[in-house]
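The values are calculated or read from the model by the stated rules, or taken from the named source; none is laboratory data. Keep in mind that what you see is a predicted model, and the values were worked out from it rather than measured. For neighbour counting, all protein chains shown are included, and Cβ atoms are generated from backbone atoms with ideal geometry for every residue, glycine included. These accessible areas exclude ligands, DNA and RNA; they are computed on the full protein's heavy atoms, side chains included. Shrake-Rupley method; radii C 1.70, N 1.55, O 1.52, S 1.80 Å.
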Amino acid sequence: QVRLQESGPGLVKPAQTVSLTCAVSGGPAHSYWWSWIRQSPGKGLEWVGDINYGGSTSFNPSLKSRASISRDTFKNEYTLHLSSVTPEDTALYYCLFTAGGMDYWGKGTLVTVSL
């Protein structure tokens, strides 16, 4: 069974970089990719970006200048880095693991950008 657990700082100040980590257990060794999705009251669900097993990344055009994703294959974790955050980045962030034609969702971690 695939399980995902997000973790993050919770509260972050404007202009800082927020790093959100997703720990994956029970996943396959090959042919998969990780994604980050966020949800806010104003925008609803919004795709942030993803990285596949080969290390190729893709990002929402509105965020690609500020977003990056890194992997730790030994720990089976991947991390979203979102720089220069503003209150508009306040959202519930979900990690998503896709493998074998199935999607596995984490429970989400709340990021609040505020002074």
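Can you tell me which residue within region 30-51, out of those that are over 22 Å from Gly10 (Cα atoms) and either in contact with a Pro (Cβ under 7 Å, 6 or more places away or on another chain) or surrounded by 15 or more Cβ atoms within 10 Å (Cβ to Cβ) (or both), is modelled with the lowest pLDDT?
Residue satisfying both the conditions and the ranking: Tyr32.
Could you check how many residues of region 68-96 are out of contact with any Phe, Trp or Tyr (no Cβ under 9 Å at 6 or more places or on another chain), in a strand (DSSP E or B) and within 14 Å of Lys43 (Cβ to Cβ)?
The number of residues fulfilling the criteria is 2.
Mind telling me which of the residues Thr79, Thr98, Thr109, Thr73 ends up being more than 14 Å from Val24 (Cα to Cα) and either free of Cβ contacts under 8 Å to residues at least 24 places away in the same chain or surrounded by 11 or more Cβ atoms within 10 Å (Cβ to Cβ) (or both)?
Thr109
Out of the residues in region 3-18 meeting the condition of being under 25 Å from Ala99 (Cβ atoms) and open to solvent by less than 50 Å² (accessible area, probe 1.4 Å), tell me which one is nearest to the chain's Cα centre (by Cα).
Checking each candidate, the answer is Glu6.
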